[in-house]
Structure formats: structure tokens, C-alpha cells
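Student: This is the structure, below, for whatever I ask next.
Taken together, the values in this text are just the output of simple stated rules run on the coordinates, not laboratory data. Just so it is clear, the structure is predicted and the values come from calculations on it, not from any experiment. Because the Cβ atoms are built from the backbone with ideal geometry, glycine has one as well, and the counts that use them run over all protein chains shown.
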Amino acid sequence: MYTSNSGIAGAVVLITGGLGAISLTYAKQLMSHGIKGLVLADKNIKNSKNIIMELENHGTGDVIFVRTDINIKDQLENAFEVAVKKFNQLDIFINNAAILNESQWIKMIQTNFTAAITSNYLALKKYLPKYRNSEEATIINTVCISSLIPFKSCAIYSTTKSGVLGLHKALSNPYWYKLYRCRFLALCPGLTQTPMLQQMGSKGIDLDLFDEECYDYPIQDPERCGDCLIEALKKGKNGSIWVCDDKIYEWIIPDRFEVGKSTKAK
Ligand SMILES: NC(=O)c1ccc[n+]([C@@H]2O[C@H](COP(=O)([O-])OP(=O)(O)OC[C@H]3O[C@@H](n4cnc5c(N)ncnc54)[C@H](O)[C@@H]3O)[C@@H](O)[C@H]2O)c1
């Protein structure tokens, strides 16, 4: 039986944006930690067969791909249905699909924020409580360092990621935990060498402004994100936020009442 406290072995995991660069580092790590099943949901189908074969070399679990546009609710729900029909189990959901396109910001809000709410709710309320094979399920949101420190050059993208971080904080409230026994973890990668970063020149972003604000930021290898996922899954408490910016560490938000106590009233 899979137990989220003792490890990842035996879990069934669904990842949106499953064929993306960061997702693939998650997938490799999860497979090598002995998960039972992995469902990759992505609107892109390029190389899906080769990717599945490659991933299956990393462990004994089964990997399946479901073509899914997360902006279409029926397709999103279908990805969950395919997962539970195949494995009759679902323990971990990773909301990871996103785009970075400041010119198409309405579509970006839809993909990064609205669809994130839909998928978090489907996982939290409908699928994980019924199909988890453990005392506690886990929802992971891939957010971004820009949800903590917004980028002026990617203002709307940063805002969508701040929105998802807000959702993570709200849904990790003990009220929801008592109802659904679901732990929330947020991962905040820093700049990571993936197609998303490589293609930003054509996505309505002022590259001079971006270079000026990020010139001394490290650009990490995507593999660090896989390491961060495992660290968070093994050590992360409900509601915790994990930064992966070459280094991996937990981001602690001070308690507002404690801050209030130590601040002189005016
Ligand atoms: N690359 C970075 O510097 C960086 C930094 C911080 C956070 N992130 C976050 O990490 C996550 C993964 O990004 P990545 O860098 O691996 O990018 P990526 O472009 O390699 O992966 C994103 C994946 O999402 C998929 N996708 C996009 N829209 C979709 C939709 N409507 N339905 C289903 N799938 C869709 C794409 O096809 C792609 O496979 C994103 O949430 C991103 O915001 C990336």
C-alpha cells in the first residue's frame, strides 16, 4: 500500500503538461522511486511514444499518455477518468501545464490560472478522495519564483502564478485538509533551461527588460526540479512552498499575527 509519509513507492500520479521539460524530470524521478503508474496529460503529442518508452526504463511502473487540453474541461476530466480506469487508483496530482505569453494574456490566464483551479478542484473533491490508496493524497502545483518575487518583464505571467500560489495557500487550510485529507505542496522553480524560457523572445516580452532584471539570476538545469519534487514529497508539510533555484529550500511565510505582535501600533 502506498503511504505518502513513508515515500512515493506504489503511488499513481497524474501530471498535466506531462510532456514538458520540467514534467519529464518529475516523471524520471517518480519512476525511479518506484511509483506504480504515471499518467501524462498534454495537449502536445510530439514524441509521446518515445518518451513513454524512455520513462519505462527508469522503473517498473506503467506510463500512459492522454492527449488533453486543460482549457477544455471535458478533456481534463477525461484525463482523470483514463487514469482511474487504468489503475483504479490515484494518489498524487501535479498541476504543471502552463504557458508564458504576455501578448496572449487572456489565454495565459485561462491556462495558468482558471484551468489550474478546475484541475485542483477535480483532483481534490472528485478523484483523490475516491481513488487514493493511502491515508492522505497530495496535490502539487508547479508555480514559479515569480509568484514570490514578480518579474516586471512578465507581469501577467507572474500574476497568474501568484494566483495559483494563493489557491495553494487557501486549499491547504486545515478546514479543507480535514474534509479531504489532501496535502498541498507548491514548487517554485527559478529560471530553468526549457523551451518555455528559450522561446520567450517571441511571446510579447521585452527581452532587454528581462535581461536587466534577471542578469545575475542562475539558470538551472531542469533536473533540479525533479530533485525538488522528491525533496518536497518526502519532507513537505501540507501548505509548504519549495523553491528550486539551483539550491532547494523551503520558503517560509511569517505568521501574520506574529508579525502584528512584533510591529508597534501607530
Ligand atoms: N522554465 C522555467 O524557467 C520555469 C520557471 C518557473 C516555473 N516554470 C513552470 O514549470 C512548468 C513547466 O514548464 P516548462 O518550463 O517545463 O515548460 P514546457 O513548455 O517545456 O512545458 C509545458 C508543457 O505544458 C503543455 N501545455 C501548455 N498548454 C497546455 C494546455 N492548454 N493543455 C495541456 N498541456 C499544455 C505544453 O505542451 C508543454 O508540454 C510551468 O508551470 C511553468 O510555468 C517554468
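Student: Provide Rg and Dmax in Å for region 12-261, with only Cα atoms included in the calculation.
Tutor: Reported Rg and Dmax, both Å: 17.3, 57.
Student: If R0 is 22 Å, what FRET efficiency do you get for residue 117 and residue 43 from their C-beta distance, rounded to 0.05? Write down the numbers at each step before the final one.
Tutor: Values: r = 18 Å, r/R0 = 0.82.
Rounded to the nearest 0.05, the efficiency is 0.75.
Student: Based on the Kirkwood radius over alpha-carbon pairs, what is the Stokes-Einstein translational diffusion coefficient of region 60-140 at 10 °C with 1.306 mPa s viscosity, in µm²/s?
Tutor: 118 µm²/s
Student: Just checking the chain: which Cys have no other cysteine's beta-carbon under 4.7 Å?
Tutor: 144, 154, 182, 188, 214, 225
Student: Same structure, new question: What distance in nm separates the two pseudo spin-label positions at residue 237 and residue 249, each 7 Å out from Cα along the beta-carbon direction?
Tutor: Spacing of the two 7 Å Cα→Cβ label points: 1.8 nm.
Student: Roughly what % of DSSP beta bridges within the chain run antiparallel, to the nearest 5? Please list the in-between numbers first.
Tutor: On the way: 4 of 34 bridges.
Antiparallel: roughly 10 percent of the beta bridges in the chain.
Student: Mind checking which of 146, 172, 103 has the largest fluctuation in a GNM of the chain, springs on alpha carbons under 10 Å?
Tutor: In this elastic network of the chain, the residue with the biggest mean-square fluctuation among 146, 172, 103 is 103.
Student: Taking a point 7 angstrom from the Cα of residue 62 along the C-beta vector, which residues in region 68-98 have backbone N less than 16 Å away?
Tutor: Label zone hits: 79-91.
Student: Now for a different question. Can you give the FRET efficiency to the nearest 0.05 for residue 215 and residue 9, using r as the Cβ-Cβ distance and R₀ = 35 Å? Each step should come with its number before you reach the end.
Tutor: Numbers: r = 42 Å, r/R0 = 1.21.
Efficiency, from the Cβ-Cβ distance: 0.25.
Student: Which distance in nm do the two modelled labels at residue 202 and residue 266 give, with both placed 7 Å along the Cα-to-Cβ direction?
Tutor: 5.0 nm
Student: I would also like to ask the following. Just want the answer: with Cβ charges of +1 for Lys and Arg and -1 for Asp and Glu, which residue in 115, 146, 104 is farthest toward the dipole's positive end in region 92-148?
Tutor: Of the options given, the answer is 115.
Student: Taking θ as phi - 60°, what are the ³J(HN,Hα) couplings along region 71-78 by the Karplus curve (6.51, -1.76, 1.60), each to the nearest whole Hz, with x for Gly and Pro?
Tutor: 7, 10, 4, 4, 5, 5, 5, 4
Student: Sticking with this one: Counting other Cβ atoms within 10 Å, which trypsin sites (Lys or Arg not before Pro) in region 45-134 have at most 13 and lie in a DSSP loop?
Tutor: Values: sites: 46, 49, 67, 73, 85, 86, 107, 125, 126, 130, 132; in loops: 46, 132.
Here the sparse-neighbourhood loop sites are 46.
Student: Turning to a different aspect of this structure: Given a cut-off of under 8 Å on Cα pairs at least six residues apart, what relative contact order in percent is computed for the chain?
Tutor: On the way: 512 pairs, mean separation 50.8, N = 266.
19 percent.
Student: While we're on this one: Calculate the dipole size of region 8-71 relative to its Cα centre from +1 charges on Lys and Arg beta carbons and -1 charges on Asp and Glu beta carbons; express the result in debye to the nearest 20. Can you show the working numbers first?
Tutor: Values: 6 positive and 5 negative charges, 16 e Å.
Dipole size: approximately 80 debye.
Student: Something else about it: State, to one decimal in nm², a quarter of the convex hull surface area for the C-alpha atoms of region 184-257, i.e. the direction-averaged projected area. Walk me through the numbers on the way to the answer.
Tutor: Details: hull surface 26.1 nm².
Its average projected convex-hull area is 6.5 nm².
Student: Another question about this same structure. Under a Cβ-only charge scheme (Lys and Arg +1, Asp and Glu -1), can you give me the dipole magnitude of the chain about the Cα centre, in debye to the nearest 20? Numbers along the way, then the final one.
Tutor: On the way: 30 positive and 27 negative charges, 245 e Å.
With Lys and Arg at +1 and Asp and Glu at -1, about 1180 debye.
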